[in-house]
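Right, one structure below, let's go through it.
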Amino acid sequence: MNEKYQKIIDAAIKVFAKKGFFHAKVADVAKQADVADGTIYLYFKNKDDLLISIFENSMDNFLSQAKKTIDTKESIKDKLKAFLTLHLTLLEKNQKLATVLQLELRSSHKFMTEYKAEKFFQYLRLIEELIIEGQQQGLFKPNLNPHIVTRAIFGAVDELALEWVLMKKKSFVLEEAAEQLFQMLFEGIRL
C-alpha cells in the first residue's frame, strides 16, 4: 500500500469520526491529509468508496493479526479467547476507527445495501472454523449449528463495541468485556 493512500485513509478516519460520514466532505479529508482535493480521487471513486476502503483496510489488518495470534495458540479455548480479546482491544486502542466502524458505516446507504462484504465474510469464516474445530475435537456441543453460533458471537462482539463507542463515560474496558464474553460463550457451547 502506498504512503499517500494510507495518509488519506488515516485522515478520513479522523474526519469521519469527528464530523460524521454524512456531514464530512472529501475536501475535509484532503485538508486533514494535507493533499489536494483531486488527489483523493486518484485513489477513491467517491466518499462512499473511501468509507468502504477504511472498512476493508481495517478488516485486512484485523484478519492478518487474528490469524497470526490464533496460530500461536494450542487449544481451541485459547484461540477463541484470543480472537475475542484481539477484536475488542484493537477497537479500544483506536477509538476514532471504532467510531467509524461502529457508527459511520451504518450511515452509508451504499455500504449497507450494495457492498459485497467479502472481508466481513472472511471474518465470520474465521469464527466458524474455530467452532467447527472445537466440535471436531469434542470440546463444543456437536448439535450446535456453527453458522448460528458464529452469528451470535459476532452479534455479541458488535453490541459490546457499539455500546462502548456510544458511552459518554466508559463504564467498562473492552478487554474486561472480552474476558466476560468469552466466559459466557465458552461455557454455553462446550460439552
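Here, each number is a calculation from the coordinates, and none is a lab measurement. Every value quoted in this text rests on a predicted model; they were computed, and no experiment measured them. Cβ sites come from the backbone with ideal geometry, for glycine too, and all protein chains shown count toward neighbours.
Let me have the 222 nm mean residue ellipticity of the chain computed from DSSP H runs of 4+ only, each contributing -39500 (n - 2.57), with the sum over all residues rounded to the nearest 500. Let's see the in-between values first.
On the way: 10 runs with 141 residues, N = 191.
Rounded to the nearest 500, the figure is -24000 deg cm²/dmol.
Per residue of the stretch 18-31, in order, report the coupling 6.51 cos²θ - 1.76 cosθ + 1.60 (Karplus, θ = phi - 60°) as ³J(HN,Hα) in whole Hz, putting x for Gly and Pro.
7, 9, x, 4, 4, 8, 6, 10, 4, 4, 5, 5, 4, 5
In terms of Cα to Cα distance under 22 Å, which lysines are near enough to Lys169, apart from those fewer than 8 places away along the same chain?
Partners within reach: Lys14, Lys18, Lys19, Lys93, Lys96.
Residue by residue, what Karplus-based ³J(HN,Hα) values in Hz, rounded to whole numbers, does the stretch 176-191 have, using 6.51, -1.76 and 1.60 with θ = phi - 60° and x for Gly and Pro?
5, 4, 4, 4, 5, 4, 4, 4, 5, 5, 4, 5, x, 10, 7, 6
Output wanted: per-residue J couplings in Hz (rounded whole) for the stretch 47-59, from phi through Karplus 6.51 cos²θ - 1.76 cosθ + 1.60, θ = phi - 60°, x for Gly and Pro.
Karplus-based 3J(HN,Hα) across the stretch 47-59 equals 5, 4, 4, 5, 5, 4, 5, 4, 4, 5, 4, 5, 5 Hz.
So how do 123-132, 70-79 stack up, highest first, on mean other-Cβ count within 10 Å? Don't jump to the answer; show the numbers that get you there.
Values: 123-132: 18.1, 70-79: 14.0.
Result, highest mean Cβ count within 10 Å first: 123-132, 70-79.
Based on the inverse mean of 1/r over its pairs of different Cα atoms, what is the Kirkwood hydrodynamic radius of the chain, in Å?
On the way: mean 1/r = 0.0562 Å⁻¹.
Computed over the chain, the radius equals 17.8 Å.
Check the straight Cα-Cα distances from Lys141 and name the lysines below 18 Å, setting aside those fewer than 8 residues away within the same chain.
Lys141 reaches Lys77, Lys79, Lys81.
Sort the following peptides by mean Cβ neighbour count (other Cβ atoms within 10 Å, averaged over residues), highest first: 52-63, 159-170.
On the way: 52-63: 17.8, 159-170: 13.3.
Top of the packing list down: 52-63, 159-170.
So who's got an amide H within less than 5 Å of the one on Arg190, skipping anything under 5 residues away but keeping other chains? H placed 1.01 Å off N, in plane.
Correct list: Lys141.
Sorting check: for 172-182, 84-94, which peptide has the highest mean count of neighbouring beta carbons within 10 Å, and how do the rest follow? Write down the numbers at each step before the final one.
Values: 172-182: 16.5, 84-94: 18.3.
Those peptides, ordered most packed to least, come out 84-94, 172-182.
Helix 118-136 versus the longest principal axis of the chain: what is the Cα-based angle in degrees, 0 to 90, to the nearest 10?
Between helix and principal axis, roughly 10 degrees.
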